[in-house]
Structures are given as structure tokens and as C-alpha cells.
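Sharing a structure, written as C-alpha cells. Questions coming.
The values are calculated or read from the model by the stated rules, or taken from the named source; none is laboratory data. What you are looking at is a predicted structure, and each value in this text was computed from that prediction instead of being measured. Quick reminder, even Gly has a Cβ in these numbers, built from the backbone with ideal geometry, and neighbours come from all protein chains shown. Just so you know, the surface numbers come from the protein's heavy atoms only, side chains and all, with ligands and any DNA or RNA stripped out. Shrake-Rupley method; radii C 1.70, N 1.55, O 1.52, S 1.80 Å.
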Amino acid sequence: MHSEWIYVLDIFGTVIFAITGAVKGVRNRLDFLGVIVFAITVGCAGGMVRDCLIGATPVASFLNTSYLVACIITGVFVFFLAPWIVGRWRIILICDAIGLGVFTALGAEKAMSLGIGPVGQIFAGVIGAVGGGVLRDVFSKEVPAVLTSDFYASASIIGAVIFVILNKLNVQEPINFTITMVFITVLRLCAMHYHIHLPVARMVGEEKRK
Amino acid sequence: MHSEWIYVLDIFGTVIFAITGAVKGVRNRLDFLGVIVFAITVGCAGGMVRDCLIGATPVASFLNTSYLVACIITGVFVFFLAPWIVGRWRIILICDAIGLGVFTALGAEKAMSLGIGPVGQIFAGVIGAVGGGVLRDVFSKEVPAVLTSDFYASASIIGAVIFVILNKLNVQEPINFTITMVFITVLRLCAMHYHIHLPVARMVGEEKRK
Amino acid sequence: MHSEWIYVLDIFGTVIFAITGAVKGVRNRLDFLGVIVFAITVGCAGGMVRDCLIGATPVASFLNTSYLVACIITGVFVFFLAPWIVGRWRIILICDAIGLGVFTALGAEKAMSLGIGPVGQIFAGVIGAVGGGVLRDVFSKEVPAVLTSDFYASASIIGAVIFVILNKLNVQEPINFTITMVFITVLRLCAMHYHIHLPVARMVGEEKRK
């Protein structure tokens, strides 16, 4: 029951991430294939990097067809319906917050199930959740959005830490998974609503002197 | 006999890919080392990423000296002979189409030999063939060429799908390998000759309104 | 005794690399989290990529908390003290040369201990030492500094080759490690002092004609 729900959420998150990737691809004037590649990148690449780092190879998206198929179908839809989707961007952002929660909890749990300690669980959760977006931005010739603005990766990190803490407190896995996921989603939605940002450091000395 | 031929083709493809990498390095005004690194990146890095993802670690280029040596020698040659090579660019492009075919078929076959399913075979073929070029473009601060233009990755993808289909039809491995390789090469050459491009999506709504 | 020293040097190198990453983050006007991510990237990501390629997964920084903690603490310090640190940049550069030596020797030794041959040892040493910096530059939307200027990666490569040669000559591991490390550090410091650069190739023919 638990794992079936997770699987549904996983595919849901993949599709949402793929939508954000494909829309970025359309904006960047990529061709048909490029849009699909961007859908796959954001939908699957974070998980691929995570699986490489935790040693869960061959990576999940190579073994299970549904992730790739979900991304391709999403990419095709977005290619033809981009303006329609962009008009509903608010809904996409809300779903994206859910995806962020799902992927972080999934990554942390996967690392745990392989016997990896707390640090690795946090890393695996965050990289799985934000890695695809970072690659998308690198391919778009942009500084990764998660580094410069928005309370996005921060929500994922805080959530992953909570997953580790709840786990130490012997909270059962399905409950821990749900709490982590919901917490990250709510945190992300609040951050969007209240425009929460992290502080930026003072410019370094030599640049100020100019 | 079969595997000897593949090995020869593999080194051939590596050298050609290394040439395109090194020429890009010279164009970018990289120093001697940078040119060699670009040769190695395009010649070996696609295969490295592929091997990490399918779990074939340590990666092939760490185990077999010849790939690295081939790339270094190529890089040195290109460093001193870049203008001469650029004058023969048409030949390089034809060889590059062969390399694209070889690497796609190699990657798909390698994934298959590790017991990975069809999706993983397609992924492994394509990533091994175009991954090095993507990294080269990222290091050059460019949007990866395969995403914006040219029927390049597309030829690799279609070829990898054909490999999987022929495999399902129980076509013998050496024959399948050869068909896939030749098909991709011919497809790529035709695409170059007839300037085949994939369509680009309409701009998304909000940008049109500006 | 030997391995304790290596561990101390490893953490030292991680902190120094994290400092250079975090300072870059501050310069790029990243937020608090971004600065810490840059510290982690330069401090840990080179080793992560290396571990993936040599098949030592889960990667070391996922298993041992101290690397991550060292990077985070470093990032926090740099965030608040960036001007002070930039004023002491000369010391940082000297420490960075030591870090380059430590990481190259560490990577080569780790590959060797996994039974990987000479080429893999050189690759593993160099990628572990310069990989984090390359990623930092890619995330900053810059052509990786090691490709265009400075005798930095070159020092690492020459050192890794020396490690392999000494190993063939049956020099004992701790001695080999120390020689490699000191050699790279001295080479790097000399290169900085005497402004040693590698040559750049002539522009390719067609660009000259313009």
C-alpha cells in the first residue's frame, strides 16, 4: 500500500518536473528533440546523479520504463501546448512544490535503505530533488536558479534534515516519509507566498574599493 | 573477429571525437593542456558517464590505456595542425557520423550485456554517443549544440531504438550492431546533406504578448 | 600513523577548497545557501565524481560526516568574513597548492588500492583534485579556469604521472604519497611565482582569414 502510493507520487513528481523542463526548453527555442531532452533532464537526471553517488546502479530510470515514457509524453504535450500550460503556471508551481517534497523524501529513504548514514541521506534527498533543475540551468547557460534566488533547495535541505531526525526518533518509515513530504511542500508554498529569500553576503572587500 | 572489429571502430570513433573536441579547444583559445583535455572530454567522457549510469565501474577508459593515449596523441596533433585539419572539415564530419553510429551501437550493446532492459539500452547508447559533446559545449559556455540544432542526437536515438527492435526480433548481435551503426551513419550523413532539422515550438504565450 | 596524517591533510585540503568555493559564491552574489553549496561543491564534488568513476560507491563524502560538516562550517565563516579572507588571499593560494597536492595523491592512491591501473590512477588523481573547481566554474557560467589559464591542472597531471612512475619503481606507498604531494605543491607555487603558462595554439585558418 505504502510503496504503491510512493510510486504514484514518484511518477506524478516526474511529470511535473518534466513539464517545468519542457517549458524551459520551449522558452530557449530548442527543437522538438531538445524539448523532450529537457523534460527527461529535469524529470530523471536528478535521480540518475543520486543513484550514481549512492551506488544504486544501473540507475532507476534505466530499469523502469515508466519514468522515461512519462517524460517523453510530457515533452510532446508541452511542445504543442506550451502557451496553454504557461497560462496555468500557478498550478504548475504548486505541483512542483509537491514534487520537491516527494523527491527529497524518496532520495533520503533510498539512501537509508542502502544502509547509508544521515549525511548521505540528506545529500541523496537534496541532489535527487534539485539536481535535474541544476542540469537544466547549466544546459541553458544560466547560473543554477537554486543558487541565486528562491527558497527552493533550502526547503529540500530542511526537509531532509527533518527526515533524518524523525528517523533517529524511530518514527515509522511511511509516517516519516509523509511528514517530510508534506513539510517540504508546505514550506515551499509558504516561501513562494511570502517571498522568503535567504540573505546575500556583503560584497568582498576589493570589489567594494573600486 | 567481431569484437576485434568493434575495438578498431571504437578507437577510430574515439580519435574522431577527440579531433572535434581538440579543434573546439583551439577555437576557444585554450592552452596546450586545455586542448588535450577537450580531446579527452569529447573522446572519453560520454562513455564515462554511460558507464557510471549503467554501473560498469571502474569506467572503461580508466581500465584500458588506449583510449586515453589515443585522445592525447590526437590532441597534440590538433594543437599543432589545427588550420590544416579545419581545411579538411568535410572529411571530419563524415568520420564523425561514423563515430556517432559506432558509439551508439556500442553503448546499447554494453547495456544489454549487463542485463539492462530496452530503455536503458537506448539511454546508454545515446548518452555514450552524445554525452562528450554536451560536456564540451557546457565547458565552452554554450548551450549544447545537440539541443538547439542539427539532426545529430536524433539520429543516435532512432538508431538505438532500431537496435532494441532488431534485438527483440532475435537478430544476431554482430549483425544488429552493424545494421545499427550503418543506419545511424547514413541517417546522419543524409541529414547533413539535405539540412534536415527538427521543428521548433511556438514561443510561449507571455513572450508573444510583449 | 600514515593514514591518520592523510586524513588530517584530507580535511585540511577540503577546508581550503571549500574556502575558494565559498569566496567565489560570495563574489557571484549567491545567497547564504548558495555560498554553502559552492563550498561543498569545490570541497567535495571532485571526490564524488572520482568515486563514481572508479566505482567506490557510495561516495566517500556520503559515508563520512566530517567532509560535509567541514564544508558547511567553512561556508558559514566565509559568508560573514569574506572581505577579511580576501585580504589574506596569498595565504589561501599557498594552502590551495597544498590541497591540490593532497587530493591528487589521495585520488591516485585510492584508485590503486582498488586495483585500477596507471591510467585510471592518473585520471582519478586529477579529477579528484580539479573536478570541484571545474563544477564551480560551470555553475558560475564561466569557462573552467583550469582550461584557459594557469599552470594548475598541469601540476596535478605531472604529479599523478610521477606517482605512477614511483609506484612502478616499488617506492613504498607513504613515501610515494609524500613525494607526489610535495612535488605538486612546490610545482604549483613555482608556477604562481614565475607566472608559468602553457602555450596557446595559433587561431585556426578560417578565423584568421576574416
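In region C:153-171, how many are open to solvent by less than 40 Å² (accessible area, probe 1.4 Å) and facing chain B (nearest Cβ under 9 Å)?
Result for region C:153-171: 2.
Here's a follow-up. Is it true that C:GLY99 is of a type outside the set (Ser, Thr, Tyr), open to solvent by less than 10 Å² (accessible area, probe 1.4 Å) and either more than 8 Å from chain B (Cβ to nearest Cβ) or over 22 Å from C:SER3 (Cα atoms) (or both)? Steps first, answer last, please.
Working: of a type outside the set (Ser, Thr, Tyr): yes; open to solvent by less than 10 Å² (accessible area, probe 1.4 Å): yes; either more than 8 Å from chain B (Cβ to nearest Cβ) or over 22 Å from C:SER3 (Cα atoms) (or both): yes.
In short, yes.
If you take just the helices (runs of 4 or more DSSP H) that sit entirely in region C:92-202, which of them hold at least 1 residues that are in contact (Cβ under 8 Å) with a residue 40 or more places away in the chain?
Details: elements: C:118-139, C:145-148, C:153-168, C:173-193.
Fully inside region C:92-202 and qualifying: C:118-139, C:153-168, C:173-193.
Of the numbered conditions (1) within 25 Å of A:SER140 (Cβ to Cβ); (2) touching a Leu at 6+ places or on another chain (Cβ under 9 Å), B:ALA191 satisfies every one except a single condition; which is it?
(2)
Among the numbered conditions (1) more than 16 Å from B:ARG136 (Cβ to Cβ); (2) within 9 Å of chain C (Cβ to nearest Cβ); (3) surrounded by 23 or more Cβ atoms within 10 Å (Cβ to Cβ), tell me where B:GLY25 comes up short.
(1)
Checking B:GLY99 against (1) in contact with a Phe, Trp or Tyr (Cβ under 8 Å, 6 or more places away or on another chain); (2) at pLDDT 90 or above; (3) among the small types (Gly, Ala, Ser), which test does it fail?
(2) is the only condition that B:GLY99 fails.
Looking at (1) more than 29 Å from C:MET112 (Cα to Cα); (2) hydrophobic (A, V, I, L, M, F, W, C); (3) touching a residue at least 12 places away in the same chain (Cβ under 8 Å), which one does B:VAL15 not meet, given that it meets all the others?
Here B:VAL15 meets the rest and fails (1).
Exactly one condition in (1) open to solvent by 20 Å² or more (accessible area, probe 1.4 Å); (2) over 18 Å from the mean Cα position of the chain (by Cα); (3) within 13 Å of chain A (Cβ to nearest Cβ); (4) β-branched (Val, Ile, Thr) is not met by B:VAL119; state its number.
It is condition (1) that B:VAL119 fails.
Sticking with this structure for a sec: For A:VAL143, only one of the following conditions fails: (1) aliphatic (A, V, I, L, M); (2) buried (at least 19 other Cβ atoms within 10 Å of the Cβ); (3) in contact with a helix residue (DSSP H, G or I) (Cβ under 6 Å, 6 or more places away or on another chain). What is its number?
A:VAL143 satisfies every listed condition except (3).
Only one residue in A:ALA45, A:ALA82, A:ALA60, A:ALA39 is within 8 Å of chain B (Cβ to nearest Cβ) and touching a residue at least 12 places away in the same chain (Cβ under 8 Å). Which one?
Numbers: A:ALA45 fails: within 8 Å of chain B (Cβ to nearest Cβ); A:ALA60 fails: within 8 Å of chain B (Cβ to nearest Cβ); A:ALA39 fails: within 8 Å of chain B (Cβ to nearest Cβ).
Step by step, each of A:ALA45, A:ALA82, A:ALA60, A:ALA39 is checked, and only A:ALA82 is within 8 Å of chain B (Cβ to nearest Cβ) and touching a residue at least 12 places away in the same chain (Cβ under 8 Å).
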